[in-house]
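The structure appears right after this line, and notes come after that.
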Amino acid sequence: MSKKRGLSLEEKREKILQIFYDSQDFFLLKELEKSGPKKGVISQSVKDVVQSLVDDDLVSKDKIGTSVYFWSLPSCAGNQLRSVYRKLDSDLQSSKKRHAELIDQCDELKKGREESDERETALAELKTIEMKYNELKDEMGKYADNDPAAFQAMKKAIEVAHVAANRWTDNIFTLRQWCSNNFPQAKEQLENMYQEAGITDEFDYLEVLPVISLDSVTDQMVESDP
């Protein structure tokens, strides 16, 4: 004998709904778990089946005191299905209307774009202009460093770096003096450490850089061009 096929989820849902429709009464979950096997739904799966029906609004539930009751009437299911049908029908009509609007827009955009010698000539001219634009854009990129705004930003960055470098130089001199005052007996070791760190007698503050104008830089570049 072939093994009996188990019920699918949809079949289980129909069986549980039939329990509600036949009695038109309120049930506790444990009561449904007892009634389920009589309809061919094992008690262990009743809870999940009932929850799926609740999620689809085919079964209602409410907590009264400490107990949770479930119920469903044929009229409730019918109302739910009619509500879903109306929603889907409304969405369908909206989609049809939007589809018609897009077709009209597409037809409108096609006007004046019919294939012709004049259109082909215009497209060729547009392509030539775009190529020329890209060439000029690349050419301008080569002179980006000569942009006045970029030059001023670079100048400001140099000034900031100059101030920062001298501030750290000042910190080094301060630390060197503190070490000499607090560890006079380690003068030789400290001098060796300074030498290894690159702090020699030539170590000093950076001089203020002369101001360079953009015009002078440009003139020098022009003179250097062959």
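The values are calculated or read from the model by the stated rules, or taken from the named source; none is laboratory data. Model, not experiment: these values are computed from the prediction. Positions of Cβ are backbone-derived with ideal geometry, glycine not excepted, and every protein chain shown enters the neighbour counts. For the accessible areas, the whole protein counts, side chains as well, though only heavy atoms, and no ligand, DNA or RNA atoms are used. Shrake-Rupley method; radii C 1.70, N 1.55, O 1.52, S 1.80 Å.
Observations on the model:
- Share of carbon and sulfur in the accessible heavy-atom surface of the chain [1.4 Å probe, %]: 56
- Surrounding net charge for Ser43, when Lys and Arg each add one and Asp and Glu each subtract one, Cβ distance under 13 Å: +4
- One chain, two ends: Ile64 and Arg82. Fully extended at 0.36 nm per residue, the span grows by 3.6 nm beyond their Cα-Cα distance.
- Measuring between alpha carbons in the structure, the pairs from Lys132/Lys155; Lys110/Lys132; Lys15/Lys87; Lys110/Lys137; Lys12/Lys61 lying more than 22 angstrom apart are Lys132/Lys155; Lys110/Lys132; Lys15/Lys87; Lys110/Lys137.
- Efficiency of FRET from Cβ geometry, Thr200 and Ile158, R₀ 41 Å, rounded to 0.05: 0.95
- The length gained by stretching the chain between Ile103 and Ser90 to full extension, at 0.36 nm per residue less their Cα-Cα distance, is 2.7 nm.
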